[in-house]
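Report on the following structure.
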Amino acid sequence: MTITIPLDTMVPISKFGRGGASREFAKVADGVPVTVLRNSEPAYFIVNAHDYRAFRENEVRLANLEARQQALTGEGESFSSIEDLMADLHA
């Protein structure tokens with residue numbers, strides 16, 4: 001998987017140790033994610049709280065859609081009794 005990152009949002013991790021963090025966090029507050037580089041490779045992505053919440057909500061939504069799809073297609077395990085199901089859930 002390839003990730004495309006705008007150059008102006010890339011920041012070396014060393015910049016955070018030299019008092020440059022506040023300027024980078026200001027970008028994040030303006031809705032621009034910041035990519036923190038370690039050894040010239042993306043190591044961290046800093047996003048604002050709104051974007052993080054939206055990401056988590058979408059992650060849960062996707063998991064629910066995948067579970068629904070599995071249920072509709074009959075994927076997954078089948079149990080012959082509720083006791084077997086409950087035993088599997090508590091295993």
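Couple of notes before you dig in:
- Of the set (1) surrounded by 10 or more Cβ atoms within 10 Å (Cβ to Cβ); (2) free of Cβ contacts under 8 Å to residues at least 12 places away in the same chain, all apply to Gly19 but (1).
- Only one of the numbered conditions (1) surrounded by 12 or more Cβ atoms within 10 Å (Cβ to Cβ); (2) out of contact with any strand residue (DSSP E or B) (no Cβ under 6 Å at 6 or more places or on another chain) is not met by Asn39, and that is (1).
- Of all the residues in the stretch 67-78, those that are surrounded by 10 or more Cβ atoms within 10 Å (Cβ to Cβ) and over 20 Å from Asp88 (Cα atoms) number 1.
- Within the stretch 7-16, restricting attention to residues that are within 13 Å of Arg38 (Cα to Cα) and without any contact (Cβ under 8 Å) to a residue 24 or more places away in the chain, the residue that is surrounded by the fewest Cβ atoms within 10 Å (Cβ to Cβ) is Ser14.
- Within the stretch 23-59, tally of residues that are in a strand (DSSP E or B) and among the acidic types (Asp, Glu): 1
- Lone qualifier among Arg61, Arg18 - being modelled with pLDDT of 80 or more and among the basic types (Lys, Arg): Arg61
The values are calculated or read from the model by the stated rules, or taken from the named source; none is laboratory data. This structure is a prediction, so every number in the text was calculated from the model and none was measured. All Cβ positions, glycine included, derive from the backbone under ideal geometry; neighbour counts span all protein chains shown.
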